[in-house]
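Written below as structure tokens is the structure these notes are about.
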Amino acid sequence: MKKMMMAVLALGMATAASAQEKAVELEPRVGINLIAPYESGENCMFGYNIGTMVSIPLTEHFYLQPGISFLSCHQQSSNNVSLLHIPVYASYRLPVKEVTWRFNLGPYAQLGNDYDFGISAEIGLEYNRWFGGIHAYQTVIPDEMSGIFGLSFGYKFQIR
């Protein structure tokens, strides 16, 4: 049993050491989004998003990726909607030839006229330092919006 515990401890330390060799990255992003209304008879709202994500390596393929985005949506029949969106992703990265696939999943918090929280998901491709992906945010509090769907593009910078 002691040998098994030592092996698990050694494996954990090796994984942590390899993750620390990778740099923390900052990824500014811009994109477009669509807010789906909670009521089925209302129109969807289109807008833009601008923000940044931080990629913190945990292992070779797993990252913690918190971020913050400003979302603004416009609808003809009502006022503009401005939101501060804060996702925290568990990110898995799968290198395939010259690109890296990213699969992100995690909770989000949202601030605006009121608050919201829910589950967020993102899938995207990374080429060199460029990123492009689609994301979806699904609320768990029924209100005027049931979900947000979007497309974002970004560029990564190493900060450590």
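Just to be sure, is GLY150 within 19 Å of ILE50 (Cα to Cα), surrounded by 19 or more Cβ atoms within 10 Å (Cβ to Cβ) and at pLDDT 95 or above? In short, no. Would you say ARG102 is modelled with pLDDT under 95, out of contact with any helix residue (DSSP H, G or I) (no Cβ under 8 Å at 6 or more places or on another chain) and over 19 Å from ALA36 (Cα atoms)? Against the criterion (modelled with pLDDT under 95, out of contact with any helix residue (DSSP H, G or I) (no Cβ under 8 Å at 6 or more places or on another chain) and over 19 Å from ALA36 (Cα atoms)), ARG102 does not qualify. Can you pull out the residues in the range 114-134 that are in contact with a Leu (Cβ under 9 Å, 6 or more places away or on another chain) and touching a residue at least 24 places away in the same chain (Cβ under 8 Å)? Within the range 114-134, ASP116, SER120, GLU122, PHE131, GLY133 meet the criteria.
Residues of the range 36-84 that are at pLDDT 70 or above and under 17 Å from ILE119 (Cα atoms): ALA36, MET53, LEU64, GLN65, PRO66, GLY67, ILE68, SER69, LEU71, LEU83, LEU84.
The values are calculated or read from the model by the stated rules, or taken from the named source; none is laboratory data. Bear in mind that the values here come from a model prediction, so they are computed numbers and not experimental data. Note that we place each Cβ from the backbone using ideal geometry, even for glycine, and neighbour counts take in every protein chain shown.
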